[in-house]
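No value in this document is a laboratory result; all are computed from the given coordinates. None of the values given here were measured: they were computed from a predicted structure. Glycine gets a Cβ as well: all are built from the backbone with ideal geometry, and neighbour counts include every protein chain shown.
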Amino acid sequence: MAFRIFPRLLIGSFILLMVTIPVGFYAVWQMERFSDTLRHILAVESELVAAEKRLTDALLAQMRYERKYVLLKDRELHRQFLAANDEFGRVLEQAVPIADTPQKGRAIKRMEGLGREYRQYVEEESVWLADNRPYAVEEYRKKKDEATDGIATELKKMKILVEGETAASILELENRTSGAWRMTLVIAVAALTAGGIFSYIAARWITTPLSLLIDKTERIARGDLRADLSISSPPEVERLAASVNLMCEKLREVDQMKSDFFSAMSHELRTPLASIREGISLLSDGAGGQVTEKQRRLLAIISEESDRLISLVNTLLDLAKMEAGMMPLHCAKADMLPLVQRVIKEMEPLAVGKGVTLGFESESSLALVNMDNERVLQVIRNLLGNAVKFTAAGSEVMITTEMSEGELVVSVKDAGPGLLEDERSVIFEKFRQGISANSVAIKGTGLGLAIVKQVVSAHGGKVWVESRPGEGSTFSFSLPA
Ligand code: ADP
């Protein structure tokens, strides 16, 4: 089943959420348990501590009233002793439900017994005191002390017991908490790993078809127009792939139309132009009757202009074909030197006619380069032609060939007007001319450097110009050796 991108992302996020929520809940639940236990410990402990304090107070009050009573025989003190003893019993009774271990229960029982014993001795003694007769004071003192000491000991024991139990509970709680945290950590790591893996898979679902698409568009840019992209999911990308295939088919059709157009154009334009030139030549030769001097001059102008037209049409068609990548290169390993020398030889008459000297320098060991000789000849002709065209009489045009960083570099240095920075950046585009072009008598088309750039790029090389206004220009191109 092919899921769309949106549900894929949604499912991925949902699963991630589903695994993280339980971890959160588990952690919160553990926290709750922890605080519950802590609250319980604190409640029991504080109640027992309070009870212990009240018992101690009550015991001390009993002892105080009892001693004073024995000494002063005041009935009121006897009554206060009894009240303190009652209070002691009440507190013990209240402590019974919070005594959460049998040990504490036993301690309370013992204290109850001792409290009753203490009261009984005092009651017996009060009878003797009321009669005002001598009795075994010391013996009673001993018995009473035994009872109160017993109570004090029990109280101390209970205090130690409560403290010990609290410490033990906190320790146990700590152990339980760290166990719970370990568990939470394990669950969290497991959940996040599972979530992460699923998210990765979900992302791959989307990115894999996209990279296929990117790969195909890059191949289209390199000229591979086969409609061979096959992606079946997600549906959005599947549709995109179908559109790309359709686009490839259309591009192939357009390509075919373009090549048909070029061959038709070259035929339709060149043929009538060649006929015009032929006609002019026949007329000049007198095929149409006697030609006057004036007519001959006009015919010469027409012939020159039609030559220019033919050359312009040829250049335009060449450039268009190159731009469309429809001009195949016939490359072979060849030596650059003979090509440069040939162009110099061709240009020599033009240069001499203008009073321009042509100089040539070459590094002794030039590597062979893989090139289409005819096309590279065209490049050198255009560069040298421009250099001669823009250089004034009495100056020199220098051509150099050298190896640089594994590439063969050909440079043409002239003593022309030079170029502004703005011009340098545009002159390699077609129909673009610099300002200096206006001041030169020979007209141009602005196509020469565009062709140079196309040819050099098709060879995998580079072309550039170094120039400053008033200091001449150096046009160079490099080809990989
Ligand atoms: P064209 O020379 O036919 O006009 P190009 O494409 O050969 O076309 O040149 C484009 C422009 O570059 C020219 O019009 C001129 O302004 C400038 N240019 C080319 N070569 C030189 C040079 N050697 N010195 C100065 N300017 C030049």
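Cα axis of helix 5-72 to longest principal axis of the chain: angle in degrees, 0 to 90, nearest 10?
20
DSSP loop (so not H, G, I, E, B), at most 16 other Cβ within 10 Å: list which GluC sites (Glu not before Pro) in region 361-462 pass both filters.
Answer in residue order: GLU363, GLU405, GLU429.
Given a cut-off of under 8 Å on Cα pairs at least six residues apart, what relative contact order in percent is computed for the chain?
Relative CO of the chain lands at 11 percent.
May I ask for the equivalent-ellipsoid semi-axes of region 385-464, computed as the square root of five times each C-alpha gyration tensor eigenvalue and listed largest first in whole Å?
22, 17, 11
Which entries in the list LYS216/LYS321; LYS216/LYS430; LYS53/LYS143; LYS294/LYS345; LYS250/LYS333 go over 29 Å, if you measure between the two C-alpha atoms of each?
LYS216/LYS430; LYS294/LYS345; LYS250/LYS333
Give me the dipole magnitude in Debye, nearest 20, for the chain about the Cα centre, with unit charges on the beta carbon: positive for Lys and Arg, negative for Asp and Glu.
With only Lys, Arg, Asp and Glu charged at Cβ, the dipole is about 640 debye.
Pairing the Cα long axis of helix 102-131 with the longest principal axis of the chain, what angle in degrees results, from 0 to 90 and rounded to the nearest 10?
The angle comes out near 30 degrees.
Mind jotting down the distance between the C-alpha centroids of region 228-283 and region 340-391, whole Å?
Distance between centres, Cα-based: 35 Å.
What does the charge add up to near MET347, with Lys and Arg as +1, Asp and Glu as -1, over the other residues with Cβ less than 15 Å from its Cβ?
Once positives and negatives cancel, what remains is +2.
Which whole-Hz couplings ³J(HN,Hα) result when phi for each residue of region 259-270 is put into the Karplus expression 6.51 cos²θ - 1.76 cosθ + 1.60, θ = phi - 60°, listed in order with x for Gly and Pro?
5, 4, 4, 4, 5, 5, 4, 4, 5, 5, 8, 5
Treating the Cα atoms of region 130-264 as identical point scatterers in vacuum, please give the log10 of the normalised Debye intensity I(q)/I(0) at q = 0.12, 0.14, 0.16, 0.20 Å⁻¹, two decimals.
These q points yield log10 I(q)/I(0) values of -0.80, -0.89, -0.97, -1.13.
Please give me the summed charge of the neighbours of LEU420: other residues whose Cβ is under 14 Å from its Cβ, Lys and Arg +1, Asp and Glu -1.
Here the charged neighbours net out to -2.
Net charge within 15 Å of GLY12 by Cβ-Cβ distance, Lys/Arg positive one each and Asp/Glu negative one each, not counting GLY12 itself?
For residues surrounding GLY12, the net value is +3.
For helix 337-354, report the angle its Cα long axis makes with the longest principal axis of the Cα atoms of the chain; keep it between 0 and 90° and round to the nearest 10°.
So the inclination is approximately 60 degrees.
At q = 0.19, 0.21, 0.24 Å⁻¹, what is the log10 ratio I(q)/I(0) for region 159-209, with the Debye formula run over Cα points and no solvent?
-0.72, -0.77, -0.84
Can you put VAL379, VAL91 in order, fewest other beta carbons within 10 Å first?
Arranged by neighbour count, lowest to highest, VAL379, VAL91 become VAL91, VAL379.
Once the principal axes of the Cα atoms of the chain are found, what is the range along each, listed largest first in whole angstroms?
So the three principal-axis extents are 187, 57, 41 Å.
So what are region 260-348's ellipsoid semi-axes, whole angstrom, largest first, if each one is the square root of 5 times an eigenvalue of the alpha-carbon gyration tensor?
Square roots of five times the eigenvalues give 34, 21, 10 Å.
I need the phi-derived Karplus couplings for region 421-430: 6.51 cos²θ - 1.76 cosθ + 1.60, θ = phi - 60°, integer Hz, Gly and Pro marked x.
3J(HN,Hα) across region 421-430, in whole Hz: 4, 4, 5, 4, 7, 10, 5, 7, 8, 6.
If you take the alpha carbon radius of gyration of region 182-225 and divide it by 2.2 N^0.38 Å, what ratio comes out, to two decimals?
In units of the globular-protein estimate, region 182-225 measures up at 2.01.
I need to check one value: relative contact order of region 266-359, counting alpha carbon pairs closer than 8 Å and at least 6 residues apart, in percent.
25
Work from the charge dipole of the chain (Cβ charges, +1 for Lys and Arg, -1 for Asp and Glu, about the Cα centre) and give the residue of SER473, ILE276, ALA95 farthest towards its positive end.
So the residue we want is ALA95.
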